[in-house]
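The values are calculated or read from the model by the stated rules, or taken from the named source; none is laboratory data. In this text the structure is predicted, and so the values were computed from the model without any measurement. Note: ideal-geometry Cβ built from the backbone for every residue, glycine included; neighbour counts use all protein chains shown. For the accessible areas, the whole protein counts, side chains as well, though only heavy atoms, and no ligand, DNA or RNA atoms are used. Shrake-Rupley method; radii C 1.70, N 1.55, O 1.52, S 1.80 Å.
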Amino acid sequence: MGGYEPVDLSGVANAAVDAIDTRRVPPVGPVAFHGIPFRIGGAEPADAPFLLLEPRSDAVAVPVGRVADRIVVAHRRLRRGPTEPRPGTVVAEYTIRYADGSADRVPIRERMEIAPAADAGWDSSGPFHARGNNEVVLPDRYKGRWDEIGTRQSEAVFEPQLPDYFLWVWESRSPNVPIEAIELTATVGAILVAAITTSDLDEYPFAREAARTVRLTVDDSGASFTEPSVEVDRGVAGYAYRLPRDGDRSFLDDPLRGWGMDVHADSPHAYARVAAVPSATVTVKDGDREVGSFRWGDLGYDEPVRSGDLRVEVVEQGRNWVHVTVVDDATGRPVPCRVHFRSPAGVPYQPHGHHDHVNADLGTWHIDIGGDLRLGQATYAYIDGTCQGWLPRGDVLVDVARGFEYEPLRERVHIAPGQRELELRLRRWRSMNDDGWFSGDSHVHFLSAQGSMLEQQGEDLNVVNLLQSQWGSLFTNTEDFTGRPIATDDGRYVTWVSQENRQPFFGHMLLWGLHEPVMPWCTDGPPEADLAAWQETTMSDWADRCHEQDGTVVIPHFPLPNGEPATLIATDRADAVEMIVQWAAFHAEYYGYLNAGYRLPLVGGTDKMSSDVPVGLYRTYAKVHEEGFGYEAWCRAVRAGRTFITGGPLLRFAVDGHEAGDVVRLRGGGTVTVEAAAESIFPVGSLELVRNGEVIATSGDPSGGRSLALTADVSVDDDSWLAVRSGGARYFDGPVHRGPWDRRIFAHSSPVYVACGDDEWSRTDPAWSRSMLAQIEAGIQHVRSGRHYPEDRITHHHTETDHGAFLERPFVEAIDRVRARLDSAGA
């Protein structure tokens, strides 16, 4: 096997496998450790595989009869008796005899050249001057046992977990003189020699040079990597990752800088980190197909290698440990943000303690959430304004972002040899807080409370509603609930851990600002509640219990699931509705309730459940008046409808000087003046004024500008609502944020209500109201036909004796209210 040749021990072997003093059965037969061939045992299975050396026994001579630069001995000391020799004690002596009559006498010392193999636990460090036969391997990247999920995330594990033998390397002082034999003697304790292999290669058998970062390129026209991997027989290689197909060009020119990069699924480039000895064979694959192979020693830092259509080059010419500070350009002080560093070829170099690739670029639902973010093919690290770690020498591309009010920084910097400091500056182009607007994410899962505090500061997000919930047998954030907010010292950033309560048919509900849990969290079966669970409560009851605590009730990802929202809205239990995607059907549902006379504030949130979504990607801006910012004040502003939601554009909207949530009174009708604007770090193509669900004025820039404005005089002759929205050139066709759920860049305000009569603002849409009635009445039937626990065998959380009446009560109340509206409108 390429310069390594096992020595035949069959003539001296004297011990069977039962001589081993551990429960694990070690490997025997022809084997390879770290790519080096060994032969443990003779040609026949019945042959004794081991040479056992006992103290005070005669030396055993093993014939060699060949020239060797090095000899590798696979051995271990056996545990005998209650005491163990102290480290440094000579436990054996190996004498290498040359053909010219000279000899090298080598003491074998405890914990230096040999050690007992551990059977379990942490006693696995082994000797200082030898290496275990266990090797670093990569778990299967795409599948594995359920109980190995945590281990798989480490991406590199030992196989076997603990060594069976220790491989000690002896280097000849006379490499051109044949070695006649090796004499082996035990002095203290029993020594087990499993195998001996010689080498005539001028290399140390184990890689001593640190891993090199190599780029792999398929030169075949039109070819690309889909599942690249690298295998090394005498070394190690990490997972291989695809690189951008065009290097740095599209990255620097991207209009969504600061917010990720596209996944280049058809790229001919990939990279991996490899460490090996010169004689190693490196094999590059794409799935099961071999792309090419080469000898590691042929690859130099400035000497690429080719193998058929495969080209391999070293793309890291050196690296520095660099302390990075990101400062606010106006104040000069470090500012929390998120950062991404990469080479021009696309190799990531994230700060120490953060991941270059989140979860090996696989899905992260409820796994590996927090501290890192992946937007397309770019991974970001959340930092407090400072970080440190390795950066490659030469050009480095930096990408820094902080929410929607800072100009993203994406530029090329140069890291010189010896450079240890790097300062980057972020410029705030808009301060919404100065104008009384404070941002929040309505809907976040799986982060820790402290992690939420870091990430929301990194996104310049004032409020995070971090929600514990249940997915069948999975309960999340239980330990984070305290019934009160946590905040930065200046009170500007607040996280409150509350709940999302959920039912698979009737719907989900966000309960903000809870001081005590509202239980049960979920009901009526999976995927929300337990398998085959019954309907224990209603969303309406959850809302009532939240309001008893002065909390805020939001219908998330409105309107789905759509079983009880009509009931909640009809009975004024919903304080707001949440929009998390820009879908026309969701707009139509929202507009329908407004047209039916229900004043519904709009909030934005992410429903963050993976590392593919930043907190605040969709966010709510709420206008806090003279009382000043605080969590309760922000929630009051939401309930009052002083909000707009955004995935980038920042809106200004006024009707005769009144802002969202206000009622403008026009006795008998008249004309109002609307002033609106949208400004954004992203390109926006339209700004539209909506009246009662219809677009009545628009300002556009088909090429995608940074700001749009419109002014319109609107005639109003009956109670109406007005709102503004901003998005793509045709509103619904704007750019898409990288990540799940087709989240487009858009913004939408809550309405301003225009009242033309003497009474309060009111509208009635008989058709919509009748549709609500149909849904509410069907809800009662669904309750009656649903799964139930035998009533004579259960006590319910609500303590009422008639569970059916408890469940139906809010639906009955909603029917009465909707019918009263229809009656008052003469419909």
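What is the set of long-range amide H partners of Val263 at a cut-off below 5 Å, with H atoms built 1.01 Å from backbone N?
Gln377
Using a Förster radius of 35 Å, what is the FRET efficiency between Trp365 and Thr799 based on their Cβ-Cβ separation? Nearest 0.05, please.
Computed FRET efficiency for Trp365 and Thr799 comes out at 0.40.
How about Lys285: which lysines have a C-alpha closer than 21 Å to its C-alpha, ignoring those fewer than 8 places off in the same chain?
Lys285 reaches Lys143.
Limiting things to C-alpha atoms, what are the Rg and the maximum Cα-Cα separation (Dmax) for segment 516-648, in angstroms?
Values for segment 516-648 (Cα only, Rg and Dmax): 15.6, 50 Å.
Considering only protein heavy atoms, what is the solvent-accessible area of Glu5 at a probe of 1.4 Å, reported in Å² to the nearest 10?
Around 100 Å² of this residue is reachable by solvent.
If you rank Lys285, Lys608 by how much accessible surface each has, with a 1.4 Å probe, what is the order from largest down?
Ranking Lys285, Lys608 by accessible area, largest first, yields Lys285, Lys608.
How many nm is it between the label spots at Leu474 and Glu159, if each spot is 7 Å from the Cα in line with the beta carbon?
Rounded to a tenth, the inter-label distance reads 2.7 nm.
Show Asp489, Asp384 ordered by accessible area, largest first, where the area counts protein heavy atoms only and the probe is 1.4 Å.
Asp489, Asp384
Given R₀ = 30 Å, FRET efficiency for Glu183-Val136 by Cβ-Cβ distance, to 0.05?
About 0.30, to the nearest 0.05.
Kindly write out, for segment 59-76 in residue order, the coupling ³J(HN,Hα) from the Karplus curve 6.51 cos²θ - 1.76 cosθ + 1.60 (θ = phi - 60°), rounded to whole Hz, with x marking Gly and Pro.
Result, ordered by residue: 5, 9, 9, 10, x, 10, x, 7, 6, 8, 6, 9, 10, 10, 10, 9, 8, 7 Hz.
Can you pull out the chymotrypsin sites (Phe, Trp or Tyr not before Pro) in segment 1-91 that DSSP calls coil and that have at most 10 other Cβ atoms within 10 Å?
none
Kindly give Rg over Rh for segment 322-370, based on alpha-carbon atoms, with the Kirkwood expression for the hydrodynamic radius.
Rg/Rh: 1.06.
Hand me the trypsin sites (Lys or Arg not before Pro) from segment 14-100 located in a DSSP loop with no more than 10 other Cβ atoms within 10 Å, in residue order please.
Qualifying residues, ordered by number: Arg23, Arg56.
What distance in nm separates the two pseudo spin-label positions at Glu694 and Arg770, each 7 Å out from Cα along the beta-carbon direction?
My value for the distance between the label points is 2.1 nm.
Work out the FRET efficiency for Thr151 and Ala827 from their Cβ-Cβ distance, taking R0 = 45 Å, and round it to the nearest 0.05.
For Thr151 and Ala827, the calculated efficiency is 0.10.
What per residue convex hull volume, in Å³, comes out for the chain when only alpha-carbon positions are used?
It comes to 214 Å³ per residue, whole-number rounded.
Convert 20 °C to kelvin, take the viscosity as 1.002 mPa s, use the Kirkwood radius over C-alpha pairs of segment 655-711 as Rh, and evaluate the Stokes-Einstein diffusion coefficient in µm²/s, rounded to a whole number.
Reported coefficient: 167 µm²/s.
Tell me, Kirkwood radius of segment 1-73 from alpha-carbon pair distances, in Å?
13.8
For segment 1-106, with every protein chain kept in place, what is the accessible area per residue (1.4 Å probe, Å²)?
50
Using a 1.4 angstrom probe on the protein heavy atoms only, line up Lys143, Lys623 by accessible area, largest first.
In descending accessible area the options line up as Lys143, Lys623.
Between segment 603-619 and segment 38-113, what is the separation of their alpha carbon centroids in Å?
62
I'd like the trypsin sites (Lys or Arg not before Pro) in segment 782-827 restricted to DSSP loop residues with at most 15 other Cβ atoms within 10 Å, sorted by number.
Passing both the DSSP loop test and the Cβ count: Arg787.
Work out the P(r) tail for segment 585-655: percent of alpha carbon pairs separated by more than 20 Å, whole number.
Result for the distance tail: 42 percent.
Let's see if you can work this out: charge +1 on each Lys and Arg Cβ, -1 on each Asp and Glu Cβ, no other charges. What is the dipole magnitude of the chain about its Cα centre, in debye to the nearest 20?
The dipole magnitude comes to about 1180 debye.
Ordered by residue, what ³J(HN,Hα) values in Hz, to whole numbers, does segment 661-673 give under the Karplus form 6.51 cos²θ - 1.76 cosθ + 1.60, where θ = phi - 60° and Gly and Pro are x?
Here the 3J(HN,Hα) series is x, 7, 10, 9, 9, 10, 5, x, x, x, 10, 10, 9 Hz.
Which is the longest part of the chain that has none of the GluC sites (Glu not before Pro) sitting in a DSSP loop with at most 14 other Cβ atoms within 10 Å?
Answer - 210-625.
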